[in-house]
Amino acid sequence: MTALFLAIFVLSLLLLAYYRIPLLISIAIVAGLTFAFTELRHFYEIPAWFRWSYGIAAVSLAGFAIKGLRRLLISNRLFSLYRKVMPKLSSTEREALEAGTVWWDAELFSGKPRWRRLLRQPAPQISEREQEFINGPVEELCLMLDDWEISDKYHDLPEPVWKFIRDNRFFGMIIPQEHGGLEFSAQANSAVVMKIASRNATAAVTVMVPNSLGPGELLLHYGTDEQKNHYMPRLASGEEIPCFALTSPLAGSDAGAMPDKGIVCRGEFEGKEVLGLRVSWNKRYITLAPVATLLGLAFRAYDPDGLLGDKQDLGISCALIPTVTEGVEIGNRHMPVGAVFMNGPTRGKDIFIPMDWIIGGQERLGQGWRMLMQSLAAGRAISLPSLGVAGGKMASLLTGAYSRIRTQFDVPIGYFGGIEEPLSRIGGRTYRMDAARLLTLIALDQGERPGVLSAINKYQLTEGNRQCIMDAMDVHGGKGIIQGPNNYLAHVYQSLPISITVEGANILTRSMIIFGQGAIRAHPCLLKEMNAVTGIANSKARRVFDNALFTHIGFILSNTVRSLLLGLTGSRMTPAPVSGPNARYFRQLSRMSAAFAFMADAVLVLLGGKFKFKEKLSGRLADVLIHLYMASALLKRFEDEGRQADDLPLLQWGVEDSLYRIQQGLDGVIRNFPVPMLSRIVRLIVFPFGLPYSGPSDKTVKAVAKILLSENESRDRLVDGVFISDRDDATGRVNKAFHLVLESEPAERAIKNALKESVNFENYEGLVKRATESGVITEEQATMVRLAQQASARVIAVDDFPPEQIAGFRHSGNE
Ligand SMILES: Cc1cc2nc3c(=O)[nH]c(=O)nc-3n(C[C@H](O)[C@H](O)[C@H](O)COP(=O)(O)OP(=O)(O)OC[C@H]3O[C@@H](n4cnc5c(N)ncnc54)[C@H](O)[C@@H]3O)c2cc1C
């Protein structure tokens, strides 16, 4: 009986924490229970300790509710401690952390995501006007692009392609229509980049850069009316080609440490003496710089002579400098691996620019870093993620087809279990990457600027693309390795490190930014606590800190209890917003979100300011947050697309893989827990019955591979939005052969059954003749088999070149 009463007591308190019952209501409930059990003792045998326990619990909770008391005893002391241990943030770090907005990431950090809220978000949409552009000019542009010629012959886009891009205002997707731009939604911007990227990465990068972080985006938000009216129409029409120069040889990932500087001074401009800056810079890796007419430049501004006031170091500033300005060095090219988009260095020494050239004018001098950080999220969530998804979709389309066309041991290689594995990874990842792309675009189109989610998208979708292309290469064997016009993978493979490195290199993004920024921005209390203790230590700050701290304590308690109870019950006690096969995924993700929130707080509380230097832990927690987001996106996508039963294997592969990665991330943190003594207790709370997830089953793997190995609606949905060639080019030949091979399958099977020999592209003539003569197949089927085998032979073929042509590639290109 004692055990039963103890269980009732503990469970009732745990449930208050589990359901996050507010403090005052909790006090009322516990006081009510004290009263009720006191009365019930007349009818039942209720031990005195049991009643007293409720009484003590009610009084203790009431103590927490008396703010003056708790401030005196707890929060004022912790306030001073926090001030000591809080890491010192530089202004660039603080501005980067505070930039942008939070969205679904805050729900994941809460440990109790409101799934209905996610499902209520609108489904992704593209307007009729935007779709016409995608079906028209974008399709036309894709038809103009020849990957091999661009990369290995011209080392540039041919001039007609440049002209087509400019004439059709591809550079003005983010520019408002009133300034002559296309003013596309984020969904449409992404769809355009994705489709072009599925044909040629150089063209996609050329189009995406002016529509990403750079002069256009900065002018849009911060430009003066005069700057907007002058530059916007010229940027939209392609009259101006912009680039944006942030990176210096000294300052790469730590761009805020740039040595490039501008000194406020008076100088002569257009015959008059005006206030301006004398700017010097040495930048490298700048995309479009070799052909740019308008240089967006970031530098640190100084005012040593006090012309603007008494502040000397004004901070990072952004200017727009016409590249025809005397002294601007521009034109040399770097040669990025695997792609030939324009990229190069730019330099300038002591070049005088008038104050009007500062983006936003004099009043924005010194605000450049904040402007850049605030504007970063949109481009980062669109450009490279779209490129990454295009890679995954093309890998799905072509690797599935190739695995069906290519036979070894008389069997299409895609039917081997060993090949099913990479095929399923390609298909599953692509479905998941696209889901994350679409979900983040929904946020952008609602005006959000989600800093953490854009970092997740950038990292995960470029990394996912790398994994897809590596798998595609392995499945293609020698076909992927031998370069030439027949190879549709080599350039993509070679250029993978580019998207991994730019717009926040992936290692840095995973190990420092995603969880680091997420913990501060998306956590419900941390930023409030930080702001309270880093400002002036007055009574208002102490009050704010007290409120944030006690909310935080309640939050930690609740997540500890939720994590434990959800673990003990296998998540059965939490509701799912839908019924059906995917309902359990919502429940498992609720459990993992609680575990993540608990672990995040455990690590942050134990490490305090030292956490900043624990990148391995931060990286693991980032993996958990990433996969909570990826899996959320999958569930949303599945609902948005009307729960397509045929897509279930793709959903299952994605969520089960994400759950497994979440588990591995948490397990890694527990194994390396900052206080090893506590790791057993933490493990008990997070994984009371051991590690529950094992990743996609063999059955799911097979089912996903099957989607890629035939023509079906699920495959169509998976690769929707890419350019599918029906031409006699490298990818068009695969698409055609795939179709023919599937159509001729029954006839080839009949031949094999009758003649005991498999058809291939070397023996088909003889076999088809014998099979037709003996009535095994019809004439029509014979034609089908011939066409299929001829088409297969062309797909299997690789290029060879005479030695003199090879020498040409090595030295000056294939001219
Ligand atoms: C093809 C190309 C196009 C580009 N286009 C532009 C452009 O248009 N404009 C522009 O301004 N810049 C551009 N860049 C620059 C790009 O943004 C930088 O290359 C990037 O910021 C990384 O800098 P870095 O190459 O000097 O590498 P580093 O900063 O030297 O980094 C090297 C490695 O260290 C890691 N690392 C660094 N710090 C940390 C940390 N704290 N924790 C963990 N890991 C860390 C990085 O992740 C990376 O893996 C371009 C670069 C390339 C290659």
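The values are calculated or read from the model by the stated rules, or taken from the named source; none is laboratory data. What you see is a predicted model; the values in this text were computed from it and never measured. Here the Cβ positions follow ideal geometry from the backbone for every residue, glycine too, while neighbour counts run over all protein chains shown. Calculation scope for accessible area: heavy atoms of the full protein, side chains included, ligands and nucleic acids excluded. Shrake-Rupley method; radii C 1.70, N 1.55, O 1.52, S 1.80 Å.
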**Request:** Could you check Y54 against (1) loosely packed, with under 12 Cβ neighbours inside 10 Å; (2) touching a Ser or Thr at 6+ places or on another chain (Cβ under 6 Å) and say which number it fails?
**Result:** (1)
**Asked** Do the conditions hold for L288, that is, is it within 24 Å of N211 (Cα to Cα), open to solvent by less than 10 Å² (accessible area, probe 1.4 Å) and touching a residue at least 40 places away in the same chain (Cβ under 8 Å)?
**Response** yes
**Asked** Does I263 count as at negative phi and near the ligand (Cβ under 10 Å from one of its atoms)?
**Response** no
**Message:** Return the pair list, or none, for Cβ contacts closer than 9 Å from residues in region 646-658 that are open to solvent by less than 10 Å² (accessible area, probe 1.4 Å) to residues that are among the acidic types (D, E), at least 6 apart or on different chains.
**Reply:** D647/E641; D647/E713
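One residue is enough: does region 301-309 have a residue meeting the conditions open to solvent by less than 30 Å² (accessible area, probe 1.4 Å) and modelled with pLDDT under 95?
Start the filter on region 301-309 by keeping residues that are open to solvent by less than 30 Å² (accessible area, probe 1.4 Å), which leaves 301, 303.
Applying the additional criterion that residues be modelled with pLDDT under 95 yields none.
No, region 301-309 contains no residue that is open to solvent by less than 30 Å² (accessible area, probe 1.4 Å) and modelled with pLDDT under 95.
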**Fill in**
Taking region 20-37 and the residues there that are over 13 Å from W52 (Cα atoms), touching a residue at least 24 places away in the same chain (Cβ under 8 Å) and of a type outside the set (A, V, I, L, M), the one that is most open to solvent (accessible area, probe 1.4 Å) would be R20
**Residue satisfying condition, being away from the ligand (no atom under 15 Å from the Cβ) and either open to solvent by 30 Å² or more (accessible area, probe 1.4 Å) or not hydroxyl-bearing (S, T, Y) (or both), within set M371, M355** = M355
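Does M342 count as touching an Asp or Glu at 6+ places or on another chain (Cβ under 8 Å), over 30 Å from S710 (Cβ atoms) and modelled with pLDDT under 95? Explain how you work it out, then say what you get.
Working: touching an Asp or Glu at 6+ places or on another chain (Cβ under 8 Å): yes; over 30 Å from S710 (Cβ atoms): yes; modelled with pLDDT under 95: no.
Criteria not met by M342.
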**Message:** Can you find a residue that is at pLDDT below 95, in contact with a Lys or Arg (Cβ under 9 Å, 6 or more places away or on another chain) and open to solvent by 50 Å² or more (accessible area, probe 1.4 Å) anywhere in region 793-815?
**Reply:** yes
**Fill in**
The residue from R543, R510 that alone is within 16 Å of the ligand (Cβ to nearest atom) and either open to solvent by 30 Å² or more (accessible area, probe 1.4 Å) or in a helix (DSSP H, G or I) (or both) is R510
**Request:** Kindly provide the set of residues from region 490-507 that are closer than 30 Å to K614 by Cβ, within 10 Å of the ligand (Cβ to nearest atom) and either modelled with pLDDT of 95 or more or open to solvent by less than 30 Å² (accessible area, probe 1.4 Å) (or both), ordered by number.
**Result:** P497, I498, S499, I500, T501, V502, G504, A505, N506, I507
**Item:** Members of region 217-272 found to be closer than 24 Å to V207 by Cα and in a strand (DSSP E or B), listed by number
**Value:** P242, C243, F244, A245
**Message:** Quick check on region 365-386. Is at least one of its residues assigned to a loop (DSSP other than H, G, I, E, B), of a type in the set (A, V, I, L, M) and either touching a His at 6+ places or on another chain (Cβ under 9 Å) or within 30 Å of L438 (Cβ to Cβ) (or both)?
**Reply:** no
**Message:** For a quick check of your reading of the model, give me the residue pairs whose first member lies in region 74-92 and is within 17 Å of N531 (Cβ to Cβ), whose second is at pLDDT below 75, with beta-carbon atoms closer than 8 Å and at least 6 apart or on different chains.
**Reply:** F79/A537; R83/A537
**Item:** Residue list for region 714-739, filter: over 14 Å from S198 (Cβ atoms) and open to solvent by less than 50 Å² (accessible area, probe 1.4 Å)
**Value:** S714, R715, R733, A737, F738
**Request:** Would you please list the contacts, defined by Cβ atoms under 8 Å and residues six or more apart or on different chains, that run from a residue in region 604-615 that is under 19 Å from P524 (Cα atoms) to a residue that is surrounded by 13 or more Cβ atoms within 10 Å (Cβ to Cβ) and basic (K, R)?
**Result:** L607/K614
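Output the helices (runs of 4 or more DSSP H) that fall wholly within region 87-154 and possess 1 or more residues being open to solvent by 60 Å² or more (accessible area, probe 1.4 Å) and touching a helix residue (DSSP H, G or I) at 6+ places or on another chain (Cβ under 6 Å), or say none. Break it down stepwise before answering.
Values: elements: 91-98, 104-110, 115-120, 128-133, 139-144.
In region 87-154, 139-144 are the helices (runs of 4 or more DSSP H) which contain 1 or more residues that are open to solvent by 60 Å² or more (accessible area, probe 1.4 Å) and touching a helix residue (DSSP H, G or I) at 6+ places or on another chain (Cβ under 6 Å).
Is it true that D254 is away from the ligand (no atom under 16 Å from the Cβ), open to solvent by 40 Å² or more (accessible area, probe 1.4 Å) and out of contact with any Gly (no Cβ under 6 Å at 6 or more places or on another chain)?
Working: away from the ligand (no atom under 16 Å from the Cβ): no; open to solvent by 40 Å² or more (accessible area, probe 1.4 Å): yes; out of contact with any Gly (no Cβ under 6 Å at 6 or more places or on another chain): yes.
No; evaluated as a whole, the condition is false for this residue.
Give the residue, chosen from N457, N531, N487, that is away from the ligand (no atom under 16 Å from the Cβ), in contact with a Gly (Cβ under 9 Å, 6 or more places away or on another chain) and under 21 Å from A99 (Cα atoms).
Values: N531 fails: in contact with a Gly (Cβ under 9 Å, 6 or more places away or on another chain); N487 fails: under 21 Å from A99 (Cα atoms).
Going through N457, N531, N487 in turn, just one is away from the ligand (no atom under 16 Å from the Cβ), in contact with a Gly (Cβ under 9 Å, 6 or more places away or on another chain) and under 21 Å from A99 (Cα atoms): N457.
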**Request:** Filter region 231-251 down to residues that are aromatic (F, W, Y) and more than 10 Å from the ligand (Cβ to nearest atom), then give me how many there are.
**Result:** 1
**Request:** State whether one or more residues within region 685-699 are under 26 Å from L740 (Cα atoms) and open to solvent by less than 30 Å² (accessible area, probe 1.4 Å).
**Result:** no
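Please enumerate the residues belonging to region 660-684 that are open to solvent by 80 Å² or more (accessible area, probe 1.4 Å) and of a type outside the set (D, E, K, R).
So the first thing to find is which residues in region 660-684 are open to solvent by 80 Å² or more (accessible area, probe 1.4 Å), and the list is 660-661, 671, 676-677, 680-681, 684.
Passing the criteria: Y660, P676, M677, I681, L684.
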**Asked** Pick from region 406-435 the residues that are at pLDDT 95 or above and of a type in the set (D, E): which of them is farthest from R466 (Cα to Cα)?
**Response** E420
**Prompt:** How about region 521-535: which of its residues are among the β-branched types (V, I, T) and buried (at least 19 other Cβ atoms within 10 Å of the Cβ)?
**Reply:** V533
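Just to be sure, is S60 of a type outside the set (F, W, Y), crowded, with 17+ Cβ neighbours inside 10 Å and more than 30 Å from D254 (Cβ to Cβ)?
Numbers: of a type outside the set (F, W, Y): yes; crowded, with 17+ Cβ neighbours inside 10 Å: no; more than 30 Å from D254 (Cβ to Cβ): yes.
In short, no.
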**Asked** Within region 266-309, can you find the residues that are away from the ligand (no atom under 16 Å from the Cβ) and among the hydrophobic types (A, V, I, L, M, F, W, C)?
**Response** F269, V274, L275, L277, A301, L307, L308
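Residues that are under 28 Å from the mean Cα position of the chain (by Cα) and among the aliphatic types (A, V, I, L, M): which strands (runs of 3 or more DSSP E) entirely in region 290-357 hold 2 or more of them?
On the way: elements: 294-302, 313-322, 343-354.
The strands (runs of 3 or more DSSP E) meeting that bar are 294-302.
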**Request:** Among what's in region 546-589 and is in contact with an Asp or Glu (Cβ under 8 Å, 6 or more places away or on another chain) and aliphatic (A, V, I, L, M), pick the residue that is most open to solvent (accessible area, probe 1.4 Å).
**Result:** I556
